[in-house]
Every structure is written in structure tokens, then in C-alpha cells.
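Below is one structure, written out as C-alpha cells; the observations come after it.
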């Protein structure tokens, strides 16, 4: 083999393709995997045909994400059939939850790694076992927080930082406790170290990630103490977090949040249902009235806060009256936006064993009604911004017009404006909001 062929093979053997589907935690985990691979000399490629390592990372929370990932795997499996040296792997919750289905439908897969075993990928690739057709590391590792390992820095000015893994809540519809194991928090010192590294690379906004992120409690700090510590990181302009649980918005935490300079005035607070009976069936650990009191507590400390939520339509056993209870809570709170879904059973969850009382068409009809109510509230909340001056962090140039940029307010509202020749990702400007078009605000430099 000549030197050019040798160079081509070496380049191929050190290139990886990584596709991610699902939640923000999966995006962060993919960045963590990218950092681990690049530390070993691998370089990324957008072309699976040019890679020696092909990985798909997806969650199991939504059926659509799983099916999309499986379709992608099927479409790229031919690269491994054509070249047996190519490795094809599935990472994340789906590897935990759908192992047999994956291997049955895509037999070319030869790597399965669960969310607590990404750190084994590098050694696995450096020291392959030629006699082993399938390499897998599955099951929760209750000691794994990935302390001391840092995700690859993103290209933009915003980044995710995982501060917590697993979940102890065991909501009846959720597969996360099964696929990601029990809740454990990453040391505060490690969160601060990763944040400082990101800021040094140009990141101005971090979003803290955890399944019940406001339940964070490490040996060296709780959630409020972590927010306070991050608020003092030089160069960090904005702090967000996803996804909290309503019950952990205590009075002391809300008081702490109100005193922070860089905490964004946007809180995601999942409702799921407005019916106390359905919430008990979901094992959500709060009632309708308790949820409304928590919202009042948050707004008493952060009057201008934007609230977003999650809502499930057509949960097993939900009556028409209980569906209307959800809508009445929406009317009372008036969320800025919502992630809204028709219920779909996830194998391995408690609710998957429940008798469904609604057809797909009935669930879709209820979802459509919820979406329409939320659309009205979203427009009303955005219309209230017109005429006001708000702080906007620029994210990137608009594809429609090179002079226009897209950014977000502290309330997580998207704004389009022309910031002038000094525009760059991460720049914070003051913008007067002049119009709403659909779910996007339009502004001009103040």
C-alpha cells in the first residue's frame, strides 16, 4: 500500500460521525462523547461515508425520537456492510431501553452504550476485541457523574452543562428512571470548572441540565448555592436551567433567584395536567392547587418572569372534565409557550399497563384544543412586549437576510433585528420591540 493509501486509511480510522436526537441532555451527552473522542485524536465529519466510527445518540422519552433514530441507523448501516472495519454504535437511553429491538432491526450495530458508560468508548475503540461481535455497557452506574470530564465546546455562544443525572421521581409515564438510573448530582466545583472553561472559549450563556434540576444537592452545595456561585463567574452573562420539578421551587430558592443578576427571567415549570386526580395517577407529587400556589410564589419574587411548561393530552383515564381542568389552569397561568403532546405509552412505564379510554383521534382533538389555547396566550404575551426595550443576546445571522440577526431576550423570546456591523454571536444589545410576526418579535437597536 502506498503512502497516499496509508494516509487515507489513517484519516478514515480517526473520523467520527455523531447524530443526536431527543432532549437537551442527549445533546450535552453527545458533546461529552465528542470531547472524549477528540481527546483521542478523532475528528468529526458530517458524512457517515467518510467515518470509521458512526454513532447515533437518542432518548426514549418520545416514540418519534426513537423511530427517527432507527430510520437513520437503517439508512447508514450500509457503510458498515461495505466496510467491516467501520464501527456502528447506539448511545443513550434507547440503547438501554430498546436493545433487543435495535439488534433485531439493525444487526450491523456492534456498539451499545448506556448514558452512564460513555467514558468507556475511547478504551473500547483503542483496544478492540476482534472476536467480539457486540460490545455493550448498559445499566445505571450510581456513582457516575462524569466528574472531571468536560464536553466539547459548542460553536455558538450558548452551551449546556449537565449538573445532575438520573431521576428519583418515577412519574408513571416516564422511562428516564429506568434508562438513566437514580438521581445523583455532579460536584459544584466541577460545574464551576466546566462553566469557566466554556466562558474562556466565548460562551456567554449556560443552561444547567438535570431531570429534576432544582433538586440538585451535591456535597459542596445545593441548587440555590450553585446558582449564586455561577452568578459570580466573570464573563458569564446568562444562566438558565432545565428541567425543574414544581415541588422544589421553595420559598428560600425563589428568594435566592430574585437576587441574582445573571439568572434569566424564564422558568420552565412542567404542569402535565390540570387535574389533581390525573396528577396523582401520574405520580407528580403535587395537586392542581399546589401548582397554582407555586406559580404565585415564583411570580411574587420574579414579577416579570416568563413561564413555559409541558402538557400531556389524553392521559389514560382522563375525562372530558379533567381535560377542561387542564385548560382552566392554562387560562389562570397564561404560559408563554408550552411543549404539548398527545399521550403515547412507553414500554416499561407504569402507565403503559393502564387501560386507555381514548382513541388516537380523541387524543389528537384534545391536543389541538390545548395547542389553540396556548397559541392565543403566546400571542398575547408577545404582543405585550411591543413598544418595550429589552436586552437581546445575539445568536446568529438570519438565513433570510444577511443584515438581520436572531437573538433571544432573557425571557427566552426570539427577536429578529439588524444590530449593525459590530454584530457577533454572544453580543448583548438593547432592542426596542416594534412588532410581532407569528411567534417571533422584531426589534431595532434602542
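Read-outs: derived from the displayed coordinates by stated rules, not from any lab. Not measured: the values here are computed from a predicted model. Neighbour counts are summed over all protein chains in view; Cβ atoms, including those assigned to glycine, are modelled from backbone coordinates with ideal geometry.
Remarks
- C-alpha long axis of helix 3-13 to longest principal axis of the chain, angle in °: 40
- Taking the average, over residues, of other Cβ atoms within 10 Å as the packing measure, peptides 202-214, 41-53, 152-164, 222-234 rank 202-214, 152-164, 222-234, 41-53 from highest down.
- Computed on region 212-284, with alpha-carbon pairs under 8 angstrom and 6+ residues apart, the relative contact order is 33 percent.
- Principal-axis tilt of helix 360-383 within the chain, Cα atoms, nearest 10 degrees: 60
- Computed label-point distance, nm, for sites residue 75 and residue 424 using a 7 Å Cα→Cβ extension: 3.6
- Most mobile of 23, 167, 264 in a GNM of the chain (Cα contacts under 10 Å): 23
- DSSP-defined beta bridges in region 199-335 - what % are antiparallel, rounded to 5: 15
- Label-point separation, residue 120 to residue 255 (7 Å along Cα→Cβ), nm: 4.6
- For region 13-134: rounded, prolate or oblate by the Cα gyration tensor [a/c cutoff 1.5]: rounded
- Largest mean-square fluctuation among 128, 187, 244, in a Gaussian network model of the chain whose springs join Cα atoms under 10 Å apart, belongs to 128.
- Where a label projected 7 Å from the Cα of residue 147 along Cα→Cβ would reach, residues of region 212-237 with amide N under 13 Å: 218-221
- Cβ-Cβ FRET estimate between residue 101 and residue 299, R0 fixed at 56 Å, reported to 0.05: 0.80
- Rounded if a/c under 1.5, otherwise prolate or oblate - region 142-264, Cα gyration tensor axes: oblate
- Relative contact order, whole percent, for the chain stands at 10, derived from Cα pairs under 8 Å and 6 or more residues apart.
- Beta bridges per DSSP, both residues in the chain: antiparallel share near 35 percent.
- Between helix 288-301 and the chain there is an angle of about 80 degrees, using the helix long axis and the longest principal axis of the Cα atoms.
- For the options 289, 116, 29, a Gaussian network treatment of the chain with springs between C-alpha atoms closer than 10 Å singles out 289 as fluctuating the most.
- A convex hull fitted to the Cα coordinates of the chain yields 162 cubic angstrom per residue.
- Estimated inter-spin distance, residue 228 and residue 43, nm [label 7 Å along Cα→Cβ]: 4.7
- Using C-alpha pairs below 8 Å separated by at least 6 residues, the relative contact order for region 389-445 is 36 percent.
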